Every structure is written in C-alpha cells, then in structure tokens.
Amino acid sequence: MNAQEAKWPVFRAKLVNRTEIAEATMAFRFERPREWTFKAGQFVDITLLDPSETDAEGNVRGFSIASAPYEDTIMVATRMRNTAFKRVLATMPLKTEVQIEGPFGDLTLHNNAKKPAILLAGGIGITPFHSIVLQAAHERLPHRIVLLHSNNRSEDAPFLEELRQLEKQNPNYKYVPTMTAMEQSQRTWPGETGTLSATMLSKHLKVATPSDPSIVDAIYYIAGPPGMVADMRKMLVDWGVDEDNIRTEEFAGY
C-alpha cells in the first residue's frame, strides 16, 4: 500500500529541537502540519530518511506522542540505547527531515467522565499519559485522573516536575511517582518507594479495599515494559476489574 492509498497520513517533518528530560532519556520535537490531528494517547511511526548509519533493527520506530493535541509541535521521547537509529536521532542536525506516519492506537481517554481514569506507567511508558493529562488540563475535563508512575530513581523519571506542577492546574488530577531503586541514587526521595501494588493504589484512591466500587468500575490504562504490563493486568483482574475496562500498551526494547 502506498502513501496515497493509506488510511492514515504520511508526511515529512523537520526536527525542531531535542532536550534531555531524564538521565539517558531524550525528547524530540518535530514540526506539525497545521491540518494534522491526533488524540492524546496515540502513537506514530517515525522513519529516518537517508540516515548516516543503520543496523539490523532498521530505520523505523513507533513512538507514543508525548505532546498534547493542542500543542503546535509533535514531541516524542525515548530512552537512549546504543542503536544506529537512536545515535542518528541524537546527533542529526536540527531541521533534518523525517517521515511521520499515523496516528495509530486507541489508548485514549474514555468519554464517560463518571468513571475515574487510573493511569499506571512504568518508566518511559509515561509518554502517552503525559499527552493525556496535559490535554485533560487544557480542556478542563471533569474526569478524575490518578496517575501512578514507577521508575528506578528520580533521575530516571521523565517529566517528573512538570507532572507534579500539573496538579495545580487540574484539581481532578493526582500524580503519584514511586521509585524502586533509590539506594542507587545520589538524591534524597521523600515520596513513595517500591513497585506499584494494590496497597499503594488503594491508599492513593482513598478506598479501604481493592473491591471498592470506585476501584472496580474505573477505567485502567497501563503502559510500560511487558512484564510490568502483565503484572498490573493480573492484579486488576484479581481485584475483579472487567478486562474490557483495562487498556494496555507495551514498551519493549527501549
């Protein structure tokens, strides 16, 4: 299928800027065509055009869109591994063009605002949720949103301070970062520690037990490494959450 026959847009966009948003984690902003639209939580495929090097993993990667639909650039973020694709992405000159295809995916906020949205992120799996919570604040959506985000150390946590500050803009939103390996950090950490768990979620949703209706009836979104996604899904199903109310996206090999 060529681009003219495709059901989704394919376009070229120039790299506008890149910034380090956590240790070994970079964000890249690209031009956004004025007529191009997407929903918060979706992703795109980015293709390097005539890159200076390549390897067996190829020149195409899928990235969740970390920017919000109201913003005028397209931002993606990734952990920086030693692959040809990421070496080129990290060093290519500003204004270099890439090909962007999409948007794809349905990890998007549900319409029924009476049901809370519980977002469970592991590491760089925060990217689609960054888009969702930014857009929710911008639109002043009535949804109750609780975002729990697990990282090894605070140094590794993308968008940490921005996600905290967003609580001031949206009274319906709560951000709970937790760190699992602060013994390896040079910083102090006054917040939650340990992996995401039923106890932690019950505490921050302010319910006595996981079987509370506000837990069971919520819509859950899980994004992160495959093992974390599988563990969180099992935990929720064990609670009695309907699998139709669990939406997931795996971030493998980042």
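The values are calculated or read from the model by the stated rules, or taken from the named source; none is laboratory data. None of these values were measured; they are calculated from a predicted model. For neighbour counting, all protein chains shown are included, and Cβ atoms are generated from backbone atoms with ideal geometry for every residue, glycine included.
Mind checking whether some residue in the range 130-151 is surrounded by 13 or more Cβ atoms within 10 Å (Cβ to Cβ) and over 21 Å from the mean Cα position of the chain (by Cα)?
Filtering the range 130-151 down to residues surrounded by 13 or more Cβ atoms within 10 Å (Cβ to Cβ) leaves 130-139, 141, 143-151.
Remaining after also requiring over 21 Å from the mean Cα position of the chain (by Cα): none.
The answer is no, given that none of the residues of the range 130-151 is surrounded by 13 or more Cβ atoms within 10 Å (Cβ to Cβ) and over 21 Å from the mean Cα position of the chain (by Cα).
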What number of residues within the range 86-133 satisfy the criterion of being in a loop (DSSP other than H, G, I, E, B), on the phi > 0 side of the Ramachandran plot and of a type in the set (Gly, Ala, Ser)?
1
Scanning the range 62-113 for residues that are among the hydroxyl-bearing types (Ser, Thr, Tyr) and under 21 Å from the mean Cα position of the chain (by Cα), the one surrounded by the fewest Cβ atoms within 10 Å (Cβ to Cβ) turns out to be Tyr70
Among the numbered criteria (1) in contact with a Gly (Cβ under 7 Å, 6 or more places away or on another chain); (2) not in a helix (DSSP H, G or I), which single criterion is violated by Trp189?
(1)
In the range 152-169, the residues that are of a type in the set (A, V, I, L, M) and either modelled with pLDDT under 95 or in a helix (DSSP H, G or I) (or both):
Leu160, Leu163, Leu166
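Going by the structure shown, is Gly58 surrounded by fewer than 16 Cβ atoms within 10 Å (Cβ to Cβ) and not in a loop (DSSP other than H, G, I, E, B)? Even if it seems obvious, please write down each step before you answer.
Working: surrounded by fewer than 16 Cβ atoms within 10 Å (Cβ to Cβ): yes; not in a loop (DSSP other than H, G, I, E, B): no.
Spelling it out, it is not the case that Gly58 is surrounded by fewer than 16 Cβ atoms within 10 Å (Cβ to Cβ) and not in a loop (DSSP other than H, G, I, E, B).
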Is it the case that some residue within the range 68-85 is within 22 Å of Val10 (Cβ to Cβ) and assigned to a helix (DSSP H, G or I)?
yes
Lys203 passes all but one of the listed conditions (1) surrounded by fewer than 17 Cβ atoms within 10 Å (Cβ to Cβ); (2) touching a residue at least 24 places away in the same chain (Cβ under 8 Å); (3) under 22 Å from Val133 (Cβ atoms); the exception is number (2)
In the range 207-254, what count of residues is obtained for those that are modelled with pLDDT of 90 or more and of a type outside the set (A, V, I, L, M)?
17
Name, by its number, the condition in (1) more than 15 Å from Pro177 (Cβ to Cβ); (2) touching a strand residue (DSSP E or B) at 6+ places or on another chain (Cβ under 7 Å) that does not hold for Leu119.
(1)
